[in-house]
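Heads up: the structure comes next, in structure tokens.
The values are calculated or read from the model by the stated rules, or taken from the named source; none is laboratory data. Everything numeric here is computed off the predicted structure, so don't read it as measured data. Cβ placement follows ideal geometry from the backbone for every residue including glycine, while neighbour counts extend to all protein chains displayed. For accessibility, only protein heavy atoms count, side chains too; no ligands or nucleic acids. Shrake-Rupley method; radii C 1.70, N 1.55, O 1.52, S 1.80 Å.
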Amino acid sequence: MNKFYEHFKTITYHKYLVMKYCFRMGLFKQGITHDLSKYSPTEFLVGVKYFQGHRSPNNAEREDKGYSSSWLHHKGRNKHHYEYWLDYGGNKEQPFIGMRIPENYIVEMLADRIAACKVYQKDKYTNESPLKYYIQGRDFVVMHEESKELLEKLLYMLAKKGERYTFKYARKIVRDLKRGKNVI
């Protein structure tokens with residue numbers, strides 16, 4: 001297996017899916033610019049080295065080194081990750097807090113989670129997959145409460161009503177944002 005080609009193919013397919021979903025929800029610029037940092041040497045070369053095809057190479061790098069240099073680079077450049085929006089809380093009870101995430105990035109986050117699950121789960125994917133993946137790590141998520149509520153609402157909606165309904169709902173969120181209406 002040519003890991004260079006397989007990794008390139010995987011991230012490009014993921015990017016294509018996110019772009020397609022973002023377009024359906026009215027996020028044209030975000031669809032085009034989604035995850036461009038994955039093609040930078042810092043992220044791409046690590047992805048090639050740790051490529052496995054069934055999960056993110058960042059997890060394998062983390063297991064090998066104790067951290068993921070690729071992930072640290074990625075989350076600091078891509079606003080559709082809740083980790084981008086973390087700040088110091090200023091006290092021992094809350095050393096880090098989640099800042100409110102603009103709704104357009106939560107919508108992109110939804111597209112990203114759907115695409116990642118489809119890429120790695122392939123024919124085992126269902127509309128419940130992104131929700132199940134999210135729930136597995138929810139106890140470790142540090143996110144602004146309103147942002148978390150919207151993400152969870154979209155994930156549950158996807159699981160129960162499917163992509164078409166959820167994307168239509170998300171497109172209304174994006175349209176309202178463009179009109180200056182407060183969504184959350």
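Just checking, how many residues over the range 123-137 are in a loop (DSSP other than H, G, I, E, B) and either in contact (Cβ under 8 Å) with a residue 40 or more places away in the chain or β-branched (Val, Ile, Thr) (or both)?
Kept after step one, since they are in a loop (DSSP other than H, G, I, E, B), are these residues of the range 123-137: 125-128.
Checking which are either in contact (Cβ under 8 Å) with a residue 40 or more places away in the chain or β-branched (Val, Ile, Thr) (or both) leaves us with 126.
Looking only at that region, the number is 1.
Can you pull out every residue in the range 82-94 that is farther than 23 Å from residue 134 by Cβ, in a loop (DSSP other than H, G, I, E, B) and either acidic (Asp, Glu) or open to solvent by 80 Å² or more (accessible area, probe 1.4 Å) (or both)?
Within the range 82-94, 92, 93 meet the criteria.
Quick test of your reading of the structure: residue 75 fulfils all but one of (1) of a type outside the set (Gly, Ala, Ser); (2) open to solvent by 80 Å² or more (accessible area, probe 1.4 Å); (3) free of Cβ contacts under 8 Å to residues at least 60 places away in the same chain. Name the failing condition by number.
In the conditions (1) of a type outside the set (Gly, Ala, Ser); (2) open to solvent by 80 Å² or more (accessible area, probe 1.4 Å); (3) free of Cβ contacts under 8 Å to residues at least 60 places away in the same chain, residue 75 misses (2) alone.
Quick check on residue 44: is it modelled with pLDDT of 95 or more, of a type outside the set (Ser, Thr, Tyr), surrounded by 14 or more Cβ atoms within 10 Å (Cβ to Cβ) and over 24 Å from residue 125 (Cα atoms)? Lay out the reasoning, then the answer.
Values: modelled with pLDDT of 95 or more: yes; of a type outside the set (Ser, Thr, Tyr): yes; surrounded by 14 or more Cβ atoms within 10 Å (Cβ to Cβ): yes; over 24 Å from residue 125 (Cα atoms): yes.
Taking the combined requirement at face value, the residue satisfies it.
Can you work out which of the residues in the range 47-61 that are within 16 Å of the chain's Cα centre (by Cα) and more than 17 Å from residue 9 (Cβ to Cβ) is most open to solvent (accessible area, probe 1.4 Å)? Write out each step before concluding.
If we filter the range 47-61 for residues that are within 16 Å of the chain's Cα centre (by Cα), which is where we start, we get 55-59.
Right, trim to more than 17 Å from residue 9 (Cβ to Cβ) and you get 58-59.
Values: 58: 27, 59: 53 Å².
Out of the qualifying residues, it is 59.
Can you pull out every residue in the range 138-152 that is open to solvent by 30 Å² or more (accessible area, probe 1.4 Å) and part of a helix (DSSP H, G or I)?
Passing the criteria: 138, 139, 140, 145, 146, 148, 149, 152.
Here is a list: 79, 38. Which entry is outside any helix (DSSP H, G or I), modelled with pLDDT of 95 or more and within 16 Å of the chain's Cα centre (by Cα)?
Working: 38 fails: outside any helix (DSSP H, G or I).
Just one listed residue meets the conditions, 79.
Here are 106, 97, 114, 173: which of them is assigned to a strand (DSSP E or B), β-branched (Val, Ile, Thr) and surrounded by 13 or more Cβ atoms within 10 Å (Cβ to Cβ)?
On the way: 106 fails: assigned to a strand (DSSP E or B); 114 fails: assigned to a strand (DSSP E or B); 173 fails: assigned to a strand (DSSP E or B).
Exactly one residue qualifies, and that residue is 97.
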